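The structure appears below as structure tokens.
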Amino acid sequence: MKHFVYSYRLTYCGGTAPCFDENLLSLAICKRDMRRVIGRRFEADREKGEQNTYWFIGIVGTQLSNETVDGSSEKPFDGRKDDILYIAKLDDVVPYEEYFTNNELYVSRKDHIYEESSKGSYPIKHKQGENDKRFRHVPGNGVHKDKDDWNRDWDIAHPNTKHYVLLAKEYAFFEHPLKFDVYEDENTKFAKGVGHTWFEAADDDGFITFLKKKLSSVDENHGTYDNLITLASRKKGCGKDKG
């Protein structure tokens with residue numbers, strides 16, 4: 001078994017990217033390139049019957065490191081820039097068409113900010129002879145308010161590729177975040193600026209052992225805590241990938 005570890009930096013943690021509620025973590029908006037790459041590789045593995053594992057890691061960026069709890073100078077977590085805020089083990093990938101239709105599994109989630117509409121600006125291309133579906137931003141939704149954000153979510157620079165949502169049932173947040181450089185060596189590679197990075201590791205790799213141990217020890221709330229929930233209630237946007 002191979003492990004593929006992806007990481008990126010969060011500017012915000014507004015409860016939508018990642019969205020963590022109802023015992024499921026989803027990454028549906030922002031991080032278009034990472035979602036596209038992971039989704040494509042995961043589906044290729046599934047077609048070949050390969051059992052590789054995919055992990056994605058959120059690292060605290062500069063702006064997020066300066067956040068405070070509403071009305072105080074208290075930090076929402078005991079961490080600094082470059083710390084690991086959350087880890088997630090990919091469970092499945094879902095195409096945009098499935099996620100953003102009126103699917104009872106996902107429609108109540110905070111990151112469900114698009115809906116099917118005949119007048120939508122974002123088509124899902126089907127094979128010849130089938131009708132395309134079109135989607136639009138949910139009117140009045142407080143997350144992503146302009147077309148530039150919507151275009152990034154839908155990755156319009158790659159119109160002929162699939163759009164994916166990443167789903168993880170096993171994930172963990174850390175109130176006392178972890179320094180990634182403690183685990184960084186010649187075999188690991190973590191995001192240090194805009195964009196994402198990834199590396200491949202074997203099942204007995206030390207960092208993979210660390211990830212597994214953290215997931216096995218997390219509580220039923222996946223490590224979420226009051227200040228994180230407060231931060232995630234602001235609807236301040238998504239987890240943009242700035243340094």
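A few comments on the model shown:
- Note on Glu43 and Asn23: the extension gain reaches 4.9 nm, defined as 0.36 nm multiplied by sequence separation minus the Cα-Cα distance.
- Simple spin-label estimate for Lys125 and Asp33 gives 2.1 nm between the two label positions (7 Å along the Cα-to-Cβ direction from each Cα).
- Shape category assigned to the chain from the gyration tensor of Cα positions, a/c cut at 1.5: oblate
- Sorted peptide list for 90-97, 25-32, 109-116, 195-202, criterion being average Cβ within 10 angstrom, highest first: 25-32, 109-116, 90-97, 195-202
- Ranked list, fewest to most other Cβ atoms within 10 Å of each Cβ, for Ser233, Ser72: Ser72, Ser233
- Protection proxy ranking for 141-148, 180-187, using the average of other Cβ atoms within 10 Å per residue and placing the highest first: 141-148, 180-187.
- Extension gain (nm, one decimal) between Arg80 and Asp146, 0.36 nm per residue minus Cα-Cα: 20.8 nm
- Cα lying deepest toward the dipole's positive end in segment 99-197, options Val107, Phe173, His126, charges on Cβ: His126
We did not get these values from a lab; they are worked out from the coordinates using the rules stated. Everything numeric in this text was worked out from a predicted model, so none of it was measured. Quick reminder, even Gly has a Cβ in these numbers, built from the backbone with ideal geometry, and neighbours come from all protein chains shown.
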